[in-house]
Each structure stands twice: as C-alpha cells, then as structure tokens.
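The values are calculated or read from the model by the stated rules, or taken from the named source; none is laboratory data. Please read all numbers here as calculations on a predicted model, not as lab measurements. In this analysis, Cβ positions are derived from the backbone assuming ideal geometry, glycine residues included, and neighbour counts consider all displayed protein chains. Note: areas computed on protein heavy atoms with side chains; ligands, DNA, RNA excluded. Shrake-Rupley method; radii C 1.70, N 1.55, O 1.52, S 1.80 Å.
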Amino acid sequence: MRVPDFLVRQFYVSGSLQAEGDGFRLQARNGMGDGTLVGIGRVSMDGQLIDPAAITASRNGEDTVHRASDVSRRRPVSFDRGDVVTFHIAGHPLTAGSHRFEVELYEVNLGLLQLVLKDTVRA
C-alpha cells in the first residue's frame with residue numbers, strides 16, 4: 001500500500017535530511033501508533049537503489065543500533081507511538097538540493113507500506 005503524502009509528512013521530521021560523511025541521515029517520528037517492522041524492501045534515493053546493509057537506525061535516547069538488513073519476521077523491530085528514530089545511510093553522499101527518498105517497509109499487521117518523501121539538503 002502506498003502511504004499517502006499527508007501521512008508520510010506526519011512521520012518524516014521535516015528538514016532532517018542531511019549529508020553526513022559518505023552518506024546521509026534523516027529522522028522519523030511515529031505519531032500514529034505502535035507497530036512492528038518485519039522487513040525492509042526496496043530503498044532508493046533519487047532513483048538509485050540502496051543496499052539495506054548500508055542502513056542503520058537508532059531510537060533517540062537508546063544506544064541500540066538496528067541494521068535494516070537484519071530486520072525480519074525472526075528479528076522484528078517494534079516501535080512505539082512517539083518514538084523518534086534517526087536513520088544513517090552510508091555510501092550514498094548527497095549534494096545540496098532537492099532529493100527524493102523511497103522506502104518499502106513491511107509491518108506485521110499492515111503488510112507492505114511504500115513511502116515517498118522529498119526534502120532539500122541545504123548548502
């Protein structure tokens with residue numbers, strides 16, 4: 001299911017897309033409700049596929065780092081309403097300007113969720 005833009009805007013922390021070392025980072029805030037991720041599908045930035053092995057995530061206030069390539073039904077990741085998560089993507093440097101990020105997530109109860117967001121990296 002493609003998640004409507006107005007819902008994506010509720011999850012994505014506007015302005016959080018930033019170049020970082022050889023990659024970039026962005027943040028999401030769960031304002032909707034509790035859930036459980038059981039898989040990560042296709043991920044891309046500006047149409048370029050990103051290997052899930054290049055993606056890590058951590059909740060604000062926690063030391064645990066989750067690797068996207070590890071998320072599965074055997075190794076699910078739960079999230080609570082109000083969680084703020086920072087995603088780090090290595091090996092995909094960004095230049096200043098407008099960018100389009102796409103991700104497919106598998107949630108245990110909702111199934112496939114396809115999210116598309118656009119933001120600008122400031123110079």
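Can you say whether Ser44 is open to solvent by 60 Å² or more (accessible area, probe 1.4 Å), at pLDDT 95 or above and of a type outside the set (A, V, I, L, M), as far as the supplied structure shows? Working first, answer last.
Numbers: open to solvent by 60 Å² or more (accessible area, probe 1.4 Å): no; at pLDDT 95 or above: yes; of a type outside the set (A, V, I, L, M): yes.
Answer is no for this residue.
Yes or no: region 74-92 includes at least one residue that is open to solvent by 40 Å² or more (accessible area, probe 1.4 Å), modelled with pLDDT of 95 or more, in a strand (DSSP E or B) and within 17 Å of Asn30 (Cβ to Cβ).
yes
Of the residues Thr64, Thr95, Thr36, which single one is in contact with a Ser or Thr (Cβ under 6 Å, 6 or more places away or on another chain) and open to solvent by 20 Å² or more (accessible area, probe 1.4 Å)?
Working: Thr64 fails: in contact with a Ser or Thr (Cβ under 6 Å, 6 or more places away or on another chain); Thr95 fails: in contact with a Ser or Thr (Cβ under 6 Å, 6 or more places away or on another chain).
Criteria check complete, one pass: Thr36.
What about Ser69, is it without any contact (Cβ under 8 Å) to a residue 40 or more places away in the chain and either part of a helix (DSSP H, G or I) or open to solvent by 30 Å² or more (accessible area, probe 1.4 Å) (or both)?
So Ser69 passes the test.
Within region 91-103, track down each residue that is closer than 16 Å to Ala53 by Cβ and either within 13 Å of the chain's Cα centre (by Cα) or of a type in the set (Lys, Arg) (or both). Walk me through it before giving the result.
Of all residues in region 91-103, those closer than 16 Å to Ala53 by Cβ come to 91-92, 103.
Hit for region 91-103 is Val103, nothing else.
So, of the residues in region 1-15 that are surrounded by fewer than 17 Cβ atoms within 10 Å (Cβ to Cβ) and touching an Asp or Glu at 6+ places or on another chain (Cβ under 9 Å), which turns out to be nearest to Gly97 (Cα to Cα)?
Here the residue is Gly15.
I need the full set of residues from region 47-73 which are over 19 Å from Glu20 (Cβ atoms), modelled with pLDDT of 95 or more and of a type in the set (Val, Ile, Thr), in order please.
Val71
Between Leu115, Leu105, which is assigned to a strand (DSSP E or B), touching a helix residue (DSSP H, G or I) at 6+ places or on another chain (Cβ under 6 Å) and open to solvent by less than 50 Å² (accessible area, probe 1.4 Å)? Working first, answer last.
Numbers: Leu105 fails: touching a helix residue (DSSP H, G or I) at 6+ places or on another chain (Cβ under 6 Å).
Within the list Leu115, Leu105, the selection yields Leu115.
Consider only pairs whose beta carbons are under 9 Å apart and that are at least six residues apart or on different chains; among these, list those whose first residue lies in region 1-21 and is assigned to a helix (DSSP H, G or I) and whose second residue is modelled with pLDDT under 90 and open to solvent by 60 Å² or more (accessible area, probe 1.4 Å).
Between residues of region 1-21 that are assigned to a helix (DSSP H, G or I) and residues that are modelled with pLDDT under 90 and open to solvent by 60 Å² or more (accessible area, probe 1.4 Å), the close pairs are Leu7/Met32; Gln10/Met32; Phe11/Met32.
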